[in-house]
1. Are there any helices (runs of 4 or more DSSP H) wholly within segment 65-174 with 2 or more residues that are more than 28 Å from residue 274 (Cα to Cα) and modelled with pLDDT of 90 or more, and if so which?
2. Pick from segment 220-233 the residues that are in contact (Cβ under 8 Å) with a residue 12 or more places away in the chain and part of a loop (DSSP other than H, G, I, E, B): which of them is nearest to the chain's Cα centre (by Cα)?
3. So for segment 682-700 (the condition being touching a helix residue (DSSP H, G or I) at 6+ places or on another chain (Cβ under 6 Å) and modelled with pLDDT under 90), does at least one residue qualify?
4. Name the residues in segment 392-411 that are part of a strand (DSSP E or B) and within 13 Å of the chain's Cα centre (by Cα), would you?
5. Within segment 492-506, can you find the residues that are surrounded by fewer than 24 Cβ atoms within 10 Å (Cβ to Cβ) and either touching a helix residue (DSSP H, G or I) at 6+ places or on another chain (Cβ under 6 Å) or closer than 19 Å to residue 617 by Cα (or both)?
6. Could you check, for segment 376-383, whether at least one of its residues is under 19 Å from the mean Cα position of the chain (by Cα) and on the phi > 0 side of the Ramachandran plot?
7. Scan segment 258-280 for residues that are part of a helix (DSSP H, G or I) and touching a residue at least 24 places away in the same chain (Cβ under 8 Å) and jot them down.
């Protein structure tokens, strides 16, 4: 190949010579190259001097836009993001043939000039004035300057700057050429010829589309090879595309490209880059394309991780660490050359995808959504995320609504979720947490008899009162009658038992406990957010049974806190981000913090392990110690859940109507047929998935037991009855390790007050039994 040795000091051409050269040919450029019909006399030497002096003398060269790559936890690729698909490579990783072809067709005197080729400009001008065809007088360095100016403008979303960098008509085109000429001289003073050539081949568009910027991406796109392996005809083809990438697109116009390639081969022969024999062989070959497209974005994510990919993308798009505006963050993702290592476990992800689509297949006639997300206790890392839809970034036709979606059912709206779903009885562990925080026991008894809880019976200390009369039922998850312990109410998911528990607590404390555990509305708002009517759903008595709408990922992170002995870790899908230079960037996320005492967390975890011991999850054992809770909402909104955890994995499985407006369980269509509860469909998926997933982790030991105080017995008031005949309040607790301390509440407006609390030494009313009336007065002490 031709080398700089043919002119050892090309960049030492004096500034004066360059200036004189450009000034002298300014009129010729205007007349012959840029502005047809304008004579030499219209641009005098003096005006050229003035224009030239006013132009910038230095070129800002920003980093080229380079694709970013998202990786799974094992380093395997999930997806790539790019505005321009580019992989920069050094000159020694580009074949000599490619370098020779580029110089031969674009600037055969490249090593003989100092950035502006006086001979080339004059030759092109004369040709253009006497011929119907045109030639360009720009050097390779001037073309590089033009591309840099356009690239800088693109990076800054400067549309006018992009247009100015490409302007070819009129006075603006003349000014552009002068600017490029002046900047080309400056570039050649700063960089050596080989460096400029390398930069040129990394910036060029080789496809007419975003799919191949730079020679490395082009070599991969057309033949699946590296730039260092390009042969003579391949190099000639790529070098020929640069003149007009849209016109010379090998996929759309192969005949045009072949003709152009052969022109380049002729130039390579003419300037002694190849022999006659090499030319004769190369010119007879076809293009021999072996196309390798580079998918862009999450639609083609690997490891069955399209929805997880989209979640990570939205985490970045919502964090001002990566830019002040959404446009800046998108540009950073698509141009920043980032390496984004995520928490996704590909093996567990494939299990999740399989099991989710096994029980409610894609396109199931029921229309039910079925989704799963797993969090690692102690880190918050998001291990797996799947749903029974095909991911699509575009509009979904009505006929495909059961098959495709862009919505991630496991996350909130800010992260492209659907706004969350009512969680049913999976909310009860938050009530139990507040119960234990207040010093009550798992063996404290409550009156689980079905009854009405009047508005005046609810406690709101430190937050707005959202109470109303409430008459909960025991539907779906378990029966309830008479007196039972908090542990029994948990094991069998007894609604009336939990209503009685919540009635004894400050509703503000229950909401605050859920917030401490990371629960927010699916809209992204905090739980104390007031809607347009001024109502706070999370403070309604009905919230005790899970009428609050939140997301599977928030629930999985909250339950992971019980497994992690009270330390909450916010969902963490990204474990490391490096920029194009290998520098680690700050990570988004909440981190970890203690929100519960170890003992309270152990108490809740223990209670949830007991659901496998004769409770609602008895049929869902997975072979290692686990805790779990079922959830079933009112049928009109149609959601069922299973939240369960081991020491290493916390998983939420949701099944329901994605819109939350209909009950799909009685449609009798597809995989769903008849009555469905949390332990059936969602529970079976959780069991099948977790049995396999836990085998991919280590450390699934048992959970530490809570202190003995959480096993002490005792009765507590059961809340006031509302019958006109004066239904009596709840009776005192039955004796366990210790006697009951609190008597039953009084009847609502009735004639019979509640009985006093029993003691460990004998039953009977304690002192200070509750009076009859609306409030469930405390019993004896």
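1. Numbers: elements: 96-106, 118-130, 140-155, 159-166.
Qualifying helices (runs of 4 or more DSSP H): 140-155.
2. Step one: list which residues in segment 220-233 are in contact (Cβ under 8 Å) with a residue 12 or more places away in the chain, which gives 220-224, 226-233.
Still in the list and also part of a loop (DSSP other than H, G, I, E, B): 224, 226, 230-231.
Working: 224: 29, 226: 31, 230: 37, 231: 41 Å.
Restricting to residues being in contact (Cβ under 8 Å) with a residue 12 or more places away in the chain and part of a loop (DSSP other than H, G, I, E, B), the top hit is 224.
3. No, segment 682-700 has no match at all.
4. 408
5. Residues satisfying the conditions are 492, 505.
6. Yes - at least one qualifying residue is present in segment 376-383.
7. Of everything in segment 258-280, those that are part of a helix (DSSP H, G or I) and touching a residue at least 24 places away in the same chain (Cβ under 8 Å) turn out to be 258, 261, 262, 263, 264, 265, 267, 268, 270, 278.
Here is a yes/no grid of residues against (1) over 23 Å from residue 469 (Cβ atoms); (2) outside any loop (DSSP other than H, G, I, E, B):
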position	(1), (2)
526	yes, no
533	no, no
543	no, yes
560	yes, yes
575	yes, yes
586	yes, no
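The values are calculated or read from the model by the stated rules, or taken from the named source; none is laboratory data. The structure presented is a predicted model; accordingly, all values stated were derived computationally and were not measured. No Cβ is skipped: glycine too gets one built from the backbone with ideal geometry, and neighbour counts run over all protein chains shown.
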